[in-house]
Amino acid sequence: MRRKPRLPLGSPLQILLLACSFALAGYAGVRLLEGDWFQVLLWFVGAAFLHDLVLLPLYATADRAVVRAFGAGARREWTAYVRVPAAFSALLLLVWFPLVAGRVDARYHSATGLSADGFLGRWLLVSAALFAGSALVFVLRLRRAGRAPAGE
């Protein structure tokens, strides 16, 4: 008896959640593009080119430098202790860039009632806390590995 090939779709709940996310993304796209669709499309294409031609080579080079700094072999997994906080810090910078860079006008204050001052300092503090937390976890794991019996 010949079996039919099974499609790797997942559970019905996963399919439902995926369909809902596509519907939500489609709705957001329609609402976003109803104003000036050409400028939005230009922004997306420009963001893709900026990422692929500028940002990707930059962070790939930085990652390669971190890997080389730690050396090959057993210490290669140590790079995660730099990669993770760097990725979160970069993501925060990407999301909050206009505020961190101080590139907001009076509309921010009129819309929120808050001052746009201090975002650079807060981003630097959060980034420092991310790297400090990662360094603390790294040191604790190194200590635990040093105390582990030789058979483990």
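With respect to (1) at pLDDT below 85; (2) exposed (fewer than 12 other Cβ atoms within 10 Å of the Cβ); (3) not hydrophobic (A, V, I, L, M, F, W, C), the lone exception for Pro57 is condition (1).
Answer yes or no: is there a residue in region 133-144 that is under 23 Å from His51 (Cβ atoms) and open to solvent by 50 Å² or more (accessible area, probe 1.4 Å). Checked against the condition, which is being under 23 Å from His51 (Cβ atoms) and open to solvent by 50 Å² or more (accessible area, probe 1.4 Å), region 133-144 yields no hits at all.
The values are calculated or read from the model by the stated rules, or taken from the named source; none is laboratory data. Note that this is a predicted model, so its numbers are computed, not measured. Positions of Cβ are generated from backbone atoms using ideal geometry, with glycine treated the same way; all protein chains shown enter the neighbour counts. Note: accessible area is taken over every heavy atom of the protein model, side chains too, but ligands, DNA and RNA are not part of it. Shrake-Rupley method; radii C 1.70, N 1.55, O 1.52, S 1.80 Å.
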